[in-house]
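Read the structure below first, then the notes.
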Amino acid sequence: MTRRSLRASSRLMIPAAAQSNQTLLHLAGELLTPLQEGALWWPQQSVLVVSDLHLEKGSNYAATGQMLPPYDTGATLARVEKLCAALQPQTVISLGDSFHDRRSEQRLPAEYAARIRALTGAHDWVWVEGNHDPDPPAHLGGRAAKVLRLGALVFRHEPEGEAGEVAGHLHPVAKVAGRGRSVRRRCFASDGARLVMPAMGAFAGGLNILDAAFARVFPEGCMAFAIGEARVYGVAQKNLLPDGSSGGAPWKL
């Protein structure tokens, strides 16, 4: 992205109707809504996209002696359930690494399994294969896909830089200067042609959007759509900070 096109990319952020207090973005000609919960809503197709749920990450860590509170799966499912109840999507795409490891289903409490089956039974649920979970558990419902193409968009776990691509895997976060301090937030990363989703899992970590891994996906730069306390904010690349730095323009997320 040239400097001129980077300035033009600020038009990726389009304010919705005032009462919705939402930020919208264009991707390959489609209008999408990045949601504060970390999901993506495609209203024209009634598609909800979630990514990197990493269900049962807490129990995986506990098995190796790293004790984390065993509530990550319940908290993550609650976010997804809330969005599905509010939006009533026809299709839900879980964009890979839905489960933290291949044995997650063996550790999954019966209550959580029942909640997942309720979700997959109520929607056309697609498990996109990830590097952590190449074979989603069949008994939980839904259908599996390596890559899913819908209209101008293509959904896969690991980004390849294809036009119209919606991917996950990299867990993007944006570091932005605030009033006297900097904040680090999960974010969506997009250049208007492709998009990388934030991780939605309660225990999922994040990689700074200025890391070299993102340069391979967005060789000419991108914007961050950072998840703030009240809404999602569009942040131009010039206002992003690498980890370990401070200062810059004042932003309140």
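Scanning segment 165-219 for residues that are free of Cβ contacts under 8 Å to residues at least 60 places away in the same chain, surrounded by 19 or more Cβ atoms within 10 Å (Cβ to Cβ), of a type in the set (A, V, I, L, M) and not in a loop (DSSP other than H, G, I, E, B) yields 173, 189, 196. Residue under question is residue 166, and the condition is that it be more than 19 Å from residue 93 (Cα to Cα), out of contact with any Asp or Glu (no Cβ under 7 Å at 6 or more places or on another chain) and β-branched (Val, Ile, Thr); does it hold? Against the criterion (more than 19 Å from residue 93 (Cα to Cα), out of contact with any Asp or Glu (no Cβ under 7 Å at 6 or more places or on another chain) and β-branched (Val, Ile, Thr)), residue 166 does not qualify. Any residue that is at pLDDT 65 or above, among the polar types (S, T, N, Q), more than 23 Å from residue 157 (Cα to Cα) and out of contact with any strand residue (DSSP E or B) (no Cβ under 8 Å at 6 or more places or on another chain) - is there at least one of those in segment 12-31? Yes: segment 12-31 contains one or more residues that are at pLDDT 65 or above, among the polar types (S, T, N, Q), more than 23 Å from residue 157 (Cα to Cα) and out of contact with any strand residue (DSSP E or B) (no Cβ under 8 Å at 6 or more places or on another chain). Has segment 123-137 got at least one residue that is surrounded by fewer than 16 Cβ atoms within 10 Å (Cβ to Cβ) and hydrophobic (A, V, I, L, M, F, W, C)? The answer is no, given that none of the residues of segment 123-137 is surrounded by fewer than 16 Cβ atoms within 10 Å (Cβ to Cβ) and hydrophobic (A, V, I, L, M, F, W, C). Selection of first residues in segment 68-96 that are of a type in the set (A, V, I, L, M) and of second residues that are in a helix (DSSP H, G or I) and modelled with pLDDT under 90, restricted to Cβ pairs under 6 Å at least 6 apart or on distinct chains, gives the following pairs, ordered by first then second residue: 68/58; 68/61. Checked across segment 47-66, the condition of being of a type in the set (Val, Ile, Thr), modelled with pLDDT under 75 and over 15 Å from the mean Cα position of the chain (by Cα) holds for at least one residue.
Does residue 83 satisfy being at pLDDT 60 or above, buried (at least 19 other Cβ atoms within 10 Å of the Cβ) and in a helix (DSSP H, G or I)? It is true that residue 83 is at pLDDT 60 or above, buried (at least 19 other Cβ atoms within 10 Å of the Cβ) and in a helix (DSSP H, G or I). Exactly one residue among 111, 160, 129 is more than 25 Å from residue 90 (Cα to Cα) and charged (D, E, K, R), and that residue is 160.
The values are calculated or read from the model by the stated rules, or taken from the named source; none is laboratory data. Only a predicted model underlies this, so the values are computations on that prediction, with no experimental measurement involved. Here Cβ is always computed from backbone atoms with ideal geometry, including for glycine, and neighbour counts include all displayed protein chains.
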